[in-house]
Amino acid sequence: METYLYIALFAPLVGSLFAGLFGARPKTIIAGLVPTGLLFASLVSSTILLTHVLAGNTVHVELMTWMETGDLYIPFGFVVDQVSVTMMMVVTIVSTVVHVYSIGYMDHDKGFNRFFSYLSAFVFSMMVLVMSDNFAGLFIGWEGVGLCSWLLIGFWYHKESATWAANEAFIMNRIADLGMLIGIFLIYWNTGSLQYDQVFAAVAGLEISTVVWIGIFLFIGAMGKSAQFPLHTWLADAMEGPTPVSALIHAATMVTAGVYLVVRANPIYDIIPEVGTVIASLGAFVAMFAASMALVNRDMKRIIAYSTLSQLGYMFVAAGLGAYWVALFHLMAHAFFKALLFLGAGNVMHAMSDELDPFKMGGLSKKMKGTFIMMTVASVALAGIYPLAGFFSKDMILEVAFVEHHYILYTVLLLTAGLTAFYSFRLIALIFHGEERYKLFGFDPHEAYKYMLWFMAPLAVLAVIAGMMFKGTYYDMVTQLLPAGEYHVHSAFTYWVMTIGTQIFVGLAIVYAYRKYENAKIDKKVESGFFYQLLFNQYYIPQFYEEFFVKPYRDLSMIFWKHIDLKVVDATVDMIGNTFYKTGKETHVMQNGNLSTMLRWMVAGLVFLLVSAIVFAKANDIFAYMVTIVPGLGA
Amino acid sequence: MEIGLSHYLVLSTILFAIGLIGVMRRKNLLLLFFATEILLNSVNVAFAAISHYHGDLTGQMFAFFVIAIAASEVAVGLGLLIVWYKRTGKIDLDMMTTMRG
Amino acid sequence: MLDNILSILIFFPALAAMFGFVVAKDSIRAYGVTVAAIEFALSLFLWYAYDPAVSGMQFMESLPLIPAFGISYLLGVDGISLFIIVLAAFFTLIGIASLPDMKRMKDMILTLLFLQMTMIGVFAALDAIVFYVFWELSLVPMLYIIGAWGGPLRIYASVKFFLYTFTGSLVMLVGMLFMAYFYHQATGTWSFSILEWYRLILPENIQLWLFVAFFLGFAIKVPMFPFHTWLPYAHGQAPTIGSVILAAILLKMGTYAFVRFSLPLFPDASVFFMMPIAVLAIIMIIYTAMVAYAQEDIKQVVAYSSVSHMGVIILGTFALNVEGISGSVFLMIAHGVVSGALFLLVGVIYERRHTKMMSEFGGLASVMPHYATIFGVMVMASVGLPLTINFVGEFLSLLGFYQQSHMMTLLAGIAIIVGAIYMLAAFKKVFFGEVTNEKNRNLPDVNKRELVALIPLVIIAIWLGVYPKPVLGPINNSVESIVQLMHEKAVTEEAKARIPDLTSTIVINEAKEETK
């Protein structure tokens, strides 16, 4: 089994290095095929490991020592257990699909080879993240995915907006990573280890306040990766990257790392339910907050990005309320349908020559039948309509909130479910239905390559069946590691009212979205309204950050350099130097060569020496005298 | 009135002060030499007096040394002075500024 | 040969440099590379022969110089100095190998060889006077390199560099003399041997004064805020090779001296000054990182980033526990590799365009892809990405200091944020975007001579990031003995509490082993 573990882990790395060899050369198809093939090997290995885990075993290996000093011992250790194997499956499935898709999508791009190198490196980092058996290893993956995300967002590095977004994403993540790092330090100094099993065993014996801090700091780390408020702005900007990247990194895998962390650290969060409540509340807030921004946005990819943000909020609600397996389940289902949605959007972008405004599209269903069907499936799944995946995972979170008596959270999430359905189908209606507005703008859309569609199909199938088919097996598997909990509403009547009510509510939202946007009528009155503008400008948060963090930082840096470093610190040093120099310059008049002046100085020096000799001698006498009389004064 | 050590020292100090003022005030190089001689001899007086007072001959020996050095100094100095006078025709101190720093 | 290997390491380059005066101009590069390669091979042999299980000094040599005052030519290495010596030999080698053609090539190579002697001498010396002599001697070749091959402000920069560091070292010398005096008072014999000094337990107030005297010398060398302003000038004016050696090795003298002198000699004073120094270190980290962000010259960005990273090293050193000190010693190596590489990289474009202004560049990623890749790797190493060499050091340094103060570490941890800000901003300005300046459109990518220097650095930066054990192991052993010494020597209660007692944990570890 260990061999499979190593294949699953290192095949993407080999692929990345292989493609990297061709990095600076023009497109070579083999640089795309080999990583894809290796990733498929990784998928197969993961599947074998999954069957192994399903049989009730886990695999745990220690590759080698990483750091060892003092009492600290950090190995490269990897574990395949119920949680990590779930993540491995999600990561490998989605990334295999994305790799194949990218061969088509990046077909005409100059950086084809480079792209695959980065993409496979990302998969490797993600595998390290989910498979590590200690927090330091997790952190390696954590930063590794950050690096790859930076590389991939800024993939088209000649675009100012892309590189800006890349740096923004990296730096925002770094802010959160500091929190994570502090969390790791806290864990080490309190438990003496960073291995999951030892930490979780020791954590119960710690003071509750320490555990609270650990929980908070780890969650700060999670907030950055999962783009939770207030560190959320990078995710929407990250849409500057190529669309397959958005599908893989910014929808399916990397952004869910935060959720994974909370799920993985469940023994810690179990001790501190109050922190869990905060997490859940923040999650619910983000769910609503992000969905509201998705309502009005006019950028196809950003709408989906906000949707991702909103769904991450859902996951955090579940994780925060202690329903870790539900969070992980939604993570999985979401990865499938959201990746599908993004890949569909990628097809649309290709067809429309990278146009992103859905108001310029319309009626594309005729030209792009396959994409239309898949995106609709994904949207239905996202909206949570029975029997697609979203129904089982997302409604489960609603039930969790209800059963745990967090009715406010429940209401927020329910409303958000309506909003989700609305914006998803607003997008579908705008892109695929109504008049063919694209003709006005002179676009000539065409369907994507056949094989791209074929390889999207598995995701579509999973988006449909993942909820129905896997829930039971999945539940049995992960609850061996995660706290079990069937979240059933006690009265059957309430349950049915809730379920059917939610379905009807969501259905109505869909119908409303269709009615309103089928013809893409733009209501000028609404658009000039305050709320529309507020939502359209993302609550003015990016502007706020620009104004109150970025600019002051830049200005302060300038002040530090020009005014403090050069004018104060350095000037002080120069002043001291200049004092000596000037003293020399001024006093060299003494050496004017005139013998009588020099003699006068000599005499002055002599007098000075004599006087000081006398004064010091006297002072010494006086001091000695004082010493004799001082003790007498006190008595 | 017995003439004691302090009288000699006062004399020495007065001589030294005269010499010092001479060193500071005189512009003529020749007079400067005179002043220097007075300085040295004031010290000689002090040496001799203290030596006698302590009954230790070292001080008086030192005075001899000083006299010898003063003599040689005057010899060298006067030689230089004459050379300088031959070159410039003046022995005014303010004109001698070639050693400007 | 093993008995005298340190002397050979120190004096071989100097002797070779003497002979170098008669070597013909055309073959001087080959001669320099050969000498440096032999020296590097010797240093590798030293590493090979070094026994990592021993925590004390190895390859000791002793020769009385002035027996009346206990001054002797005393050499030895332990895990702390070993790797800096190897690094010094390595950087001299790649520095000479990648030297671009310049005027007075011969003088430059011979100066570098002399510089190598002083560098290795500093790290191998175990006698305070010998240490001091090499410490001061190292200024001379550097002064010459900056003053003779530097930019327009070279005279100002070199004089500032010399006088500033020299002033600091004079205070340090006074501290050394007092130290020897106190040793004489306590034992009745004179000695300048550091190992003898280690055994001396000083009262706290004397420790404080001596600590301050030594601190001034070391802090200027590091350079610590607010004594850092000579560094940007020196880097700004120095030729590439000067900056590389300065950043990679010479700055490490200060931090190394903290570990070699300040900590074991004055444990109580170290504890007493821990927090003020941590505050200085944090100011260094954040303030200089912000200043780096404001720079317009790419070389100044790297220069200020050096200061910022040195802050983390100082912080780790004053964590006073094994994790922190090991981390800081490791970070010295790491910072040497990474900042040395960054200066080399800056030299590459400077040589092509004769400007270091970032506004002159832009879009270089498409013109010079290999160059951009190597630069990118080094930027990521500098930012402290895991699996690069810097991360190990920074992680351990911060981890170590976390035991002493939570708040301070949180503030110091801002390093990882601000570090990313200035580095990525600079990288973006130079490499991303469209090529706007016509002069950049046909810049040649890195050539073989440059790759000779850069590829090994990239390999080291990643190899030691993934597998730091060969270096971290010996460091750890030596640091453990220092920490234990400090704990035993500490006079005050607070110092006893702050500096961990390793014997107790060793007992626990043995118990653990037994239960296994």
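Structure notes:
- Residues of the range C:409-456 satisfying the condition of being surrounded by fewer than 23 Cβ atoms within 10 Å (Cβ to Cβ), among the polar types (S, T, N, Q) and under 31 Å from the mean Cα position of the chain (by Cα): C:ASN447
- Filter result (touching a residue at least 24 places away in the same chain (Cβ under 8 Å), of a type outside the set (S, T, N, Q) and away from every other protein chain (no Cβ under 14 Å)) within the range B:15-47: B:LEU15, B:GLU37, B:LEU40, B:VAL45, B:ALA46
- Unmet requirement for A:PRO35, which otherwise passes all of (1) surrounded by fewer than 17 Cβ atoms within 10 Å (Cβ to Cβ); (2) more than 14 Å from chain C (Cβ to nearest Cβ): (1)
- Matching residues, the range C:447-486, being within 13 Å of another protein chain (Cβ to nearest Cβ), in contact with a Leu (Cβ under 7 Å, 6 or more places away or on another chain) and farther than 24 Å from C:PHE391 by Cβ: C:GLN484
- For the residues C:VAL346, C:VAL379, C:VAL383, C:VAL367, the requirement of being among the β-branched types (Val, Ile, Thr) and either in contact with a strand residue (DSSP E or B) (Cβ under 7 Å, 6 or more places away or on another chain) or over 30 Å from C:LEU398 (Cβ atoms) (or both) singles out C:VAL367.
Residues are listed down the side, and each one gets a yes or a no for (1) more than 11 Å from A:ALA460 (Cα to Cα); (2) at pLDDT 85 or above; (3) among the β-branched types (Val, Ile, Thr); (4) under 28 Å from the mean Cα position of the chain (by Cα):
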| residue | (1), (2), (3), (4) |
| --- | --- |
| A:ALA327 | yes, yes, no, yes |
| A:PHE337 | no, yes, no, yes |
| A:ASP357 | yes, no, no, yes |
| A:MET361 | yes, no, no, no |
| A:LYS367 | yes, no, no, no |
| A:MET374 | no, yes, no, yes |
| A:SER379 | no, yes, no, yes |
| A:PHE391 | yes, yes, no, yes |
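- Residue check, A:VAL211 assigned to a helix (DSSP H, G or I), among the hydrophobic types (A, V, I, L, M, F, W, C) and under 22 Å from A:VAL130 (Cβ atoms): no
- Against the conditions (1) within 30 Å of C:GLY327 (Cβ to Cβ); (2) surrounded by fewer than 22 Cβ atoms within 10 Å (Cβ to Cβ); (3) of a type in the set (S, T, N, Q), A:SER16 satisfies every one except (2).
- For the range A:58-79, the set of residues classified as in contact with a Ser or Thr (Cβ under 8 Å, 6 or more places away or on another chain), facing chain C (nearest Cβ under 10 Å) and touching a residue at least 60 places away in the same chain (Cβ under 8 Å) consists of A:ASP71, A:ILE74, A:PHE76, listed by residue number.
- Matching entry among A:PHE122, A:PHE78, A:PHE40 (being aromatic (Phe, Trp, Tyr), part of a helix (DSSP H, G or I) and under 25 Å from the mean Cα position of the chain (by Cα)): A:PHE122
- Scanning the range A:105-140 for residues that are charged (D, E, K, R) and within 14 Å of chain C (Cβ to nearest Cβ) yields A:ASP109, A:LYS110, A:ARG114.
- Which listed residue, of A:ASP570, A:ASP574, A:ASP555, A:ASP565, is more than 14 Å from chain B (Cβ to nearest Cβ), within 30 Å of A:ALA238 (Cα to Cα) and either within 28 Å of the chain's Cα centre (by Cα) or free of Cβ contacts under 8 Å to residues at least 40 places away in the same chain (or both): A:ASP555
- Among residues of the range A:431-447 that are under 13 Å from A:ALA351 (Cα atoms), those with a Cβ under 7 angstrom from a residue that is at pLDDT 80 or above and among the β-branched types (Val, Ile, Thr), sequence gap 6+ or separate chain, pair up as A:ILE431/A:VAL348; A:GLU447/A:THR371.
- Any hit, the range A:178-193, residues being more than 7 Å from chain C (Cβ to nearest Cβ), β-branched (Val, Ile, Thr) and surrounded by fewer than 23 Cβ atoms within 10 Å (Cβ to Cβ): yes
- Residue in the range A:143-158 that is surrounded by the fewest Cβ atoms within 10 Å (Cβ to Cβ), counting only those that are more than 8 Å from chain C (Cβ to nearest Cβ) and assigned to a loop (DSSP other than H, G, I, E, B): A:TRP156
- A residue that is more than 30 Å from A:LYS450 (Cβ to Cβ) and either surrounded by 16 or more Cβ atoms within 10 Å (Cβ to Cβ) or in contact (Cβ under 8 Å) with a residue 60 or more places away in the chain (or both) cannot be found anywhere in the range A:96-111.
The values are calculated or read from the model by the stated rules, or taken from the named source; none is laboratory data. The structure displayed is predicted, hence computed values, not measured ones. Glycine gets a Cβ as well: all are built from the backbone with ideal geometry, and neighbour counts include every protein chain shown.
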